[in-house]
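Worksheet: the structure to be examined is printed underneath.
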Amino acid sequence: MINKIRDYRTNWNLEVNQPVARNYYPINLGIYTQDSKKEFSVLVDRPFGGSSIVDGHIELMLYRAVAEALNETDCVAKYCKGLTVHALYPLWISCMIGKMIEMSLSANQERTEMEKKRLVWKVEGSSSEEESKLVRGGPVDPTKLVVQLAPMEIRTFVIDFHHESRRRVFIAQLL
């Protein structure tokens, strides 16, 4: 996730004339807010606009991609109410990452095991120097949990979350 700070830009001095509009960002994976003690995260299943205009709050705005007013109603037997969009969002409260394992694209084999069995191809005219210039995402540091992505690279991880006495496993695919 990209770290964004409300009413702040690293590259220029920001004039805040519209605090809500200036602090909305496209959300494709998730959004989180944190203070000195806790962090609250929401993972999304579709693109949203998202922000944290007030400390401790997260706002998500569904993008419907239709050119019509949002005053639709859903009527059943003379009973009408506003249109509702149902979705499930995993909320991660007080969860800690127990371990993170990089997997193959289909998440059925660990990357470390794949690297051991990897075939090395020698192409005529190529040198080992050219092959060493290939950029791939490096290994994930278990203390920082920062993932590097090379251009056109897809990495898949199985993340084991610990939440008090329960365990949850989540598969993350970074594109």
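Key figures
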item: Table column - 3J(HN,Hα) (Hz), region 13-18, Karplus curve with 6.51, -1.76, 1.60, x for Gly and Pro; result: 7, 8, 9, 9, 9, 10
item: Under 29 Å from LYS122, Cα to Cα: lysines that are on another chain or at least 8 residues apart; result: LYS133
item: GLY98 long-range amide H proximity, modeled H, under 5 Å; result: ASP160, PHE161, HIS162
item: Cross-link reach list, lysines versus LYS99, counting only Cα pairs under 19 Å and skipping chain neighbours closer than eight places; result: LYS144
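Computed from the coordinates by the stated procedures, all read-outs in this text should not be read as laboratory data. Just so it is clear, the model here is predicted, and its values are computed rather than measured.
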